[in-house]
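Structure record follows, encoded as structure tokens.
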Amino acid sequence: MSNPTRQVCARCNRRGWGFWSPDRIWNAVAGVIWRNADICVFCFGELGDEKWIVWTEGLKIRPMSMKAQREFVDTLTEEHSDE
């Protein structure tokens, strides 16, 4: 696939969906090692389970197909190309 738009997980190298977690939970789950890295929701869940943290609290997942993601990025690119 050429020009993929999703971030690659620094822990497992998968391309995942966008997600958001409250800072308090993110910092507890990700810890020092992964705090500033891009990790997927699957790895986030594994890390949370390993640390016995309720990592789903406040979690927001933004599932989007690769096609929809590409179209969204193209729209943003077009909007900024006029500037």
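Just so you know, all these numbers are worked out from the coordinates, no wet-lab data involved. All of these numbers come straight from a predicted model, not from anything done at the bench. Methodologically, a virtual Cβ is constructed for each residue, glycine included, from the backbone with ideal geometry; neighbour enumeration extends over all protein chains shown.
Relative to the first principal axis of the alpha-carbon coordinates of the chain, what is the inclination of helix 66-81, with its axis defined by its Cα atoms, in degrees from 0 to 90 and to the nearest 10? Once rounded, the angle reads 60 degrees. Per-residue ellipticity at 222 nm, computed for the chain from helices alone with -39500 (n - 2.57) per DSSP H run of at least four residues, works out to -14500 deg cm²/dmol. Its Kirkwood hydrodynamic radius, worked out from the mean inverse distance over all distinct Cα pairs, puts the chain at 14.1 Å. Averaged over residues, the count of other Cβ atoms within 10 Å places the peptides 10-23, 40-53 in the sequence 40-53, 10-23, highest first.
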